[in-house]
1. State all residues of segment 325-346 that are at pLDDT 85 or above and over 14 Å from the mean Cα position of the chain (by Cα); if no residue qualifies, say none.
2. Can you confirm whether segment 235-249 contains a residue that is closer than 29 Å to Val114 by Cβ and of a type outside the set (Asp, Glu)?
3. Specify which of the listed residues (Val30, Val20, Val45) is touching a Pro at 6+ places or on another chain (Cβ under 9 Å) and free of Cβ contacts under 8 Å to residues at least 60 places away in the same chain.
4. Can you give me the ranges of the helices (runs of 4 or more DSSP H) entirely in segment 49-152 with at least 3 residues that are open to solvent by 20 Å² or more (accessible area, probe 1.4 Å) and at pLDDT 85 or above?
5. Just the residues that are of a type in the set (A, V, I, L, M) and within 14 Å of the chain's Cα centre (by Cα), please, taken from segment 313-323.
6. Within segment 204-233, track down each residue that is open to solvent by 70 Å² or more (accessible area, probe 1.4 Å), modelled with pLDDT under 90 and in a helix (DSSP H, G or I).
7. Identify all residues within segment 163-181 that are open to solvent by less than 60 Å² (accessible area, probe 1.4 Å) and closer than 13 Å to Leu113 by Cβ; write none if there are none.
Amino acid sequence: MSCRAPDTRRRLRYTLVVGVLAAVLGAAVVAALALGSVRIPPGQVLDILTGRAGPSPFRTIVLDVRLPRVLLGIVVGAGLAVIGTVLQALVRNPLADPFLLGVSSGASTGAVLVIVLGIGAGLATTVTIPAAAFAGALASLVLVYTLARGGSGLTTNRLVLAGVAVSYILSALTSLILVTSARADHLQEVLYWTLGGLGSARWDMLALPTTVLVIGTALLLTIARPLDLLLVGEEGATVLGLDTARFRAAVFVLVSLLTGALVAYSGAIGFVGLMVPHMARMAVGAGHRALLPVAALGGAVFLVLADLAARTVAAPQDIPVGVLTALTGGPFFLWMLRRRPEGAPA
């Protein structure tokens, strides 16, 4: 009886957290569909979503303009939070995220290269850009991991420093591609990738990132236990039967595919994968089977609200959502640094 009580409390707490996040996500979606340059009563938004409203300009705004953007925000936010959660366990560093480790920058560089060179122009949105983003993400992650392992071996300090250095180099390479481009109209597209945004969302852009996110998250849930083993340390995980080198390599490829598929449609949106996993751990603990769904819900809520703020705070100006996530993520990053014990790895 005494052993079951903590389990019962844990399950109740988990159910409560998931329920609250799902309710907040529903409210955030309705708010994101109702607010903007044209305000629509929430009741009318619900009528449109449930098919009770007839044809009207509001219906067009909700279904054709705002809903694809909100759904892309849900997919990208959930995906970045899941990726950040896995990367932090994989490298055993609480400051790891796709942006900090150069993964997002690599994906952006690959996508921008395809845009500027016009490779596969007819299939750019659905095939070549996601493929280039995946290749860029994987190449940057392999480069960061290789640089961090050199010399005295892999340490968290070396990993973060290598990630920051590679991220800066790839950002500079992206700028160089832009400067040497013969077409001035590439500037808008390249800015979209470097700042991150959801403004170009369309219904036909949702299928691939949604499919990749669902399959990728399902696969990551099947390896929740090995991810938990990494939390006890390299030696402990090996003693418990985990081939850490092979496991890390396989998961790096999977998260690169996820990152590439998301960044290909949203650009490099930073800090979602850094902040949300920590908040999710505070709510439900470090076990990945419970943590990953909560992180996904939290990431979706965060990015939908951030995008809502991005298009309403300075309306009619539409601020790239990556700017707002950086403005909130930067202070959070500094807070994380200050709360870490003196002498702890970065």
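1. Answer for segment 325-346, where residues must be at pLDDT 85 or above and over 14 Å from the mean Cα position of the chain (by Cα): just Leu327.
2. yes
3. Going through Val30, Val20, Val45 in turn, the sole match is Val30.
4. It comes to 57-60, 67-90.
5. Val321 - this is the single residue of segment 313-323 that is of a type in the set (A, V, I, L, M) and within 14 Å of the chain's Cα centre (by Cα).
6. Listed by number, the list holds a single entry, Asp204.
7. Leu170, Thr174, Ile177, Leu178, Ser181
The values are calculated or read from the model by the stated rules, or taken from the named source; none is laboratory data. All values reported here derive from a predicted model rather than from experimental measurement. All Cβ positions, even for glycine, are placed from backbone atoms using ideal geometry, and neighbour counts span all protein chains on display. The accessibility values were calculated without ligands, DNA or RNA, using every heavy atom of the protein model including side chains. Shrake-Rupley method; radii C 1.70, N 1.55, O 1.52, S 1.80 Å.
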